[in-house]
1. What are the pairs with Cβ atoms under 7 angstrom where one residue, in the range 133-161, is over 18 Å from S218 (Cα atoms) and the other, located anywhere, is of a type in the set (K, R)? Sequence gap at least six, or different chains.
2. Would you call T148 under 18 Å from G100 (Cα atoms) and within 14 Å of the chain's Cα centre (by Cα)?
3. Which residue is farthest from the chain's Cα centre (by Cα), if the candidates are limited to the range 18-43 and must be closer than 23 Å to E131 by Cβ and hydroxyl-bearing (S, T, Y)?
4. Considering the range 143-161 alone, what residues qualify as being within 12 Å of the ligand (Cβ to nearest atom) and either farther than 30 Å from G121 by Cβ or part of a helix (DSSP H, G or I) (or both)?
5. At least 1 residues that are surrounded by 14 or more Cβ atoms within 10 Å (Cβ to Cβ), of a type in the set (F, W, Y) and in contact (Cβ under 8 Å) with a residue 24 or more places away in the chain in each: list the helices (runs of 4 or more DSSP H) lying fully within the range 162-259 that qualify.
6. Are any of the residues in the range 127-138 hydrophobic (A, V, I, L, M, F, W, C), more than 13 Å from the ligand (Cβ to nearest atom) and either closer than 20 Å to G100 by Cα or crowded, with 20+ Cβ neighbours inside 10 Å (or both)?
7. State whether one or more residues within the range 104-111 are modelled with pLDDT of 95 or more, touching a helix residue (DSSP H, G or I) at 6+ places or on another chain (Cβ under 6 Å) and not in a loop (DSSP other than H, G, I, E, B).
8. If you scan the range 103-126, which residues turn out to be surrounded by 18 or more Cβ atoms within 10 Å (Cβ to Cβ) and either within 22 Å of H83 (Cβ to Cβ) or without any contact (Cβ under 8 Å) to a residue 12 or more places away in the chain (or both)?
Amino acid sequence: MEIIIRPDAAAAVDLVSSLLAQRIRRQPDAVLGLATGRTMEKLYQSLSRQALSFRQCRTFNLDEYIGLPADDPQSYRHYMQEHLFSRTDIDTRNTHVPDGSASDLKQAATQYEHAIQAAGGIDVQLLGIGEAGHIGFNEPLSAIMSRTRDKCLTPTTRRQNASMFGGDVERVPRRALTMGVGTILEAREIILLATGSAKAAIIAQAVEGPITSMVSASALQLHPNCKVIVDDEAASGLQGREYYDFIFDNEPEWAEFRS
Ligand code: F6R
């Protein structure tokens, strides 16, 4: 795992945007694992402003609320359409979001796993992190080997996401269909983006704490190619900052991003 700390949220977003743009230019048919949430809004804005073609990319989103049809304004399918798909030349037939309104959720979950495999697996998985440590909607006690399945959301997550439902926590669905931690760990590369002081404590636990299913993001410590990109505020609970900064300032792979 590599931790990269940028001075503010805009710089952290810029770095992730540049890394993804580089990848898409190098591999135009990349299979991208995508996330939703407030953190990603700025990232998708930045990505869609770049001179970049998504024409051949294939995408798989992490999760979807159960019970919200794709055209519901609060569904993640709708979010993706609004924030990324409609702003790029991506072919929507190549985009996948778990089907949270399927009548048979087990079957929908199995089909999602098969679709990822049929696409050759995920090249780069983009992640945010929830305040209770979830990646996707893998809430505490999600097995590290879990696969796509339906999951009950925590009260913390429902409160965190209430702002997307007009501030009314009761309107936030109670369950979601989500890729599992095991599914996420199979991506060839992972980039987690977190900004703001509300993420400081959980970033410290995920990165420097023990690997535990109580903090799903801590399982990323097992992944051989995982970058955690944070702003100064989200980094404020990290003990090893001197070393992380030293890596960014010295490793050749980061040279082009140092100014
Ligand atoms: C959303 C997702 C979640 C979010 C996380 C952070 O698809 O998978 O894990 O990335 O809840 O959300 P924000 O950015 O709104 O704090």
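1. D150/R175; K151/R175; C152/R174; C152/R175; L153/R174; L153/R175
2. Criteria not met by T148.
3. First pass over the range 18-43, keeping only residues closer than 23 Å to E131 by Cβ: 33-43.
Among the residues that remain, those that are also hydroxyl-bearing (S, T, Y) are: 36, 39.
Values: T36: 7, T39: 9 Å.
Among them, the one singled out is T39.
4. Of everything in the range 143-161, those that are within 12 Å of the ligand (Cβ to nearest atom) and either farther than 30 Å from G121 by Cβ or part of a helix (DSSP H, G or I) (or both) turn out to be T156, T157, R158, R159, Q160.
5. 241-250
6. no
7. Checking the range 104-111: not a single residue is modelled with pLDDT of 95 or more, touching a helix residue (DSSP H, G or I) at 6+ places or on another chain (Cβ under 6 Å) and not in a loop (DSSP other than H, G, I, E, B).
8. Y112, I116, I122, D123, V124, Q125, L126
The values are calculated or read from the model by the stated rules, or taken from the named source; none is laboratory data. Please read these numbers as outputs of a predicted model, since none were measured by experiment. Here the Cβ is made from the backbone with ideal geometry for all residues, glycine too, and neighbour counts use every protein chain on show. The area values use the complete protein model at the heavy-atom level, side chains included, leaving out ligands, DNA and RNA. Shrake-Rupley method; radii C 1.70, N 1.55, O 1.52, S 1.80 Å.
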